[in-house]
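The values are calculated or read from the model by the stated rules, or taken from the named source; none is laboratory data. Since the structure is predicted, the reported quantities are computational estimates derived from the model, not experimental observations. Positions of Cβ are generated from backbone atoms using ideal geometry, with glycine treated the same way; all protein chains shown enter the neighbour counts. Heavy atoms of the whole protein, side chains included, go into the accessibility calculation; ligands, DNA and RNA do not. Shrake-Rupley method; radii C 1.70, N 1.55, O 1.52, S 1.80 Å.
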Amino acid sequence: MTVQESGPLAGKVALVTGGGNGIGRATVMALRKNGAQVAWTDILEAPPPEDSGQLAIRADATLEPDAARTIEETLSAFGRLDIAVHNVGNFGAGDRWDTPLEDTALEAWNATVCQCLTSCMLGMKYAIPALRRSGGGAIVNIASLAGIRVTRFASPAYAAAKAGVVHLSQHAAVMLAPENVRVNVVAPGLTLTPNIESSMPPATRAAIAAEFQPMNRMMTTQEIAEAILWAASPASSGVTGLVIPVDGGWAAK
């Protein structure tokens with residue numbers, strides 16, 4: 001990986017939750033290529049960072065002590081925080097995309113809401129004071145097209161939680177705008193993450209993409225990361241409270 005220490009994000013420090021694979025890993029790489037130092041978390045044992053400008057933190061983004069410790073370790077390593085990307089969010093234990101609302105167990109509901117929405121809230125809770133101390137910065141929260149469009153491929157809990165991420169982000173964007181802290185949302189459509197690639201046959205992926213996304217293909221993790229990079233960078237300095245679909249045209253249908 002080529003790192004541009006003099007790139008547009010040189011001197012900036014970013015934090016990415018869920019940075020060990022998929023969209024999170026692509027985002028870490030994009031931020032590093034543009035000059036930022038990057039701390040990233042993973043719930044599993046973190047693999048060794050690829051260069052000295054990275055810090056890998058083993059943490060569970062749904063636990064408040066871990067969220068607080070993540071910021072502490074980032075500040076200890078790099079001295080500041082300018083960008084926070086909250087990428088953690090998936091179906092919780094016991095929740096399935098095809099479970100109807102009337103069959104949803106409360107435990108499964110709570111698990112998904114915790115994964116998607118509570119993790120985002122906790123990340124922002126501890127990132128905001130650090131961003132203030134840096135004189136401002138950018139928060140990018142990862143939602144989903146399921147949070148702004150109805151789809152049969154999202155459980156009720158997942159749809160509600162991702163919609164919550166959108167509105168929580170817009171609330172924070174308005175409240176934090178006078179302090180030069182911007183908050184935007186990237187909402188991926190169907191994306192070819194390693195999990196999807198390993199669990200869904202190519203023919204099924206193609207059929208679903210053709211049904212929903214006018215580009216007739218899934219998005220790549222790199223395409224999602226590029227949108228996150230823009231929302232986090234000075235190129236979007238006047239933008240806050242925006243929801244950015246990266247979905248091959250799905251949101252426009």
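Name the residue, out of Arg58, Arg32, that is buried (at least 17 other Cβ atoms within 10 Å of the Cβ) and over 14 Å from the mean Cα position of the chain (by Cα).
Arg32
Return yes when Asn184 is of a type in the set (S, T, N, Q) and surrounded by 23 or more Cβ atoms within 10 Å (Cβ to Cβ) and no when it is not.
When the stated conditions are applied, Asn184 passes them.
Can you confirm whether Ala203 is surrounded by fewer than 17 Cβ atoms within 10 Å (Cβ to Cβ), out of contact with any Ser or Thr (no Cβ under 7 Å at 6 or more places or on another chain) and among the small types (Gly, Ala, Ser)?
Yes.
Return only the number of the condition from (1) out of contact with any helix residue (DSSP H, G or I) (no Cβ under 6 Å at 6 or more places or on another chain); (2) open to solvent by less than 20 Å² (accessible area, probe 1.4 Å) that Gly19 does not satisfy.
Failing condition for Gly19: (1).
Looking only at the range 118-128, decide whether some residue is open to solvent by 50 Å² or more (accessible area, probe 1.4 Å), in a helix (DSSP H, G or I), among the charged types (D, E, K, R) and within 30 Å of Ala251 (Cα to Cα).
yes
Of a type in the set (D, E, K, R) and either at pLDDT 95 or above or surrounded by 15 or more Cβ atoms within 10 Å (Cβ to Cβ) (or both): is that true of Arg132 in this structure?
Criteria met by Arg132.
Name every residue in the range 154-171 that is buried (at least 22 other Cβ atoms within 10 Å of the Cβ) and in a helix (DSSP H, G or I), in order of residue number.
Ala157, Tyr158, Ala159, Ala161, Lys162, Val165, Ser169
Cβ contacts < 6 Å: first residue in contact (Cβ under 8 Å) with a residue 12 or more places away in the chain, restricted to the range 191-203; second residue open to solvent by 80 Å² or more (accessible area, probe 1.4 Å) and not charged (D, E, K, R), any location; separation 6+ or different chain. Result?
Pairs that qualify, where the first residue is in contact (Cβ under 8 Å) with a residue 12 or more places away in the chain and the partner is open to solvent by 80 Å² or more (accessible area, probe 1.4 Å) and not charged (D, E, K, R), are Pro194/Asn21.
How many residues does the range 201-214 contain that are within 20 Å of Ile142 (Cβ to Cβ) and outside any helix (DSSP H, G or I)?
The qualifying residues number 1.
Residue check: is Arg149 open to solvent by 60 Å² or more (accessible area, probe 1.4 Å), over 17 Å from Gly22 (Cβ atoms) and touching a residue at least 60 places away in the same chain (Cβ under 8 Å)?
It is true that Arg149 is open to solvent by 60 Å² or more (accessible area, probe 1.4 Å), over 17 Å from Gly22 (Cβ atoms) and touching a residue at least 60 places away in the same chain (Cβ under 8 Å).
For the range 41-93, how many residues meet the condition of being assigned to a loop (DSSP other than H, G, I, E, B), more than 25 Å from Pro188 (Cβ to Cβ) and of a type in the set (Ser, Thr, Tyr)?
Total satisfying the criteria: 1.
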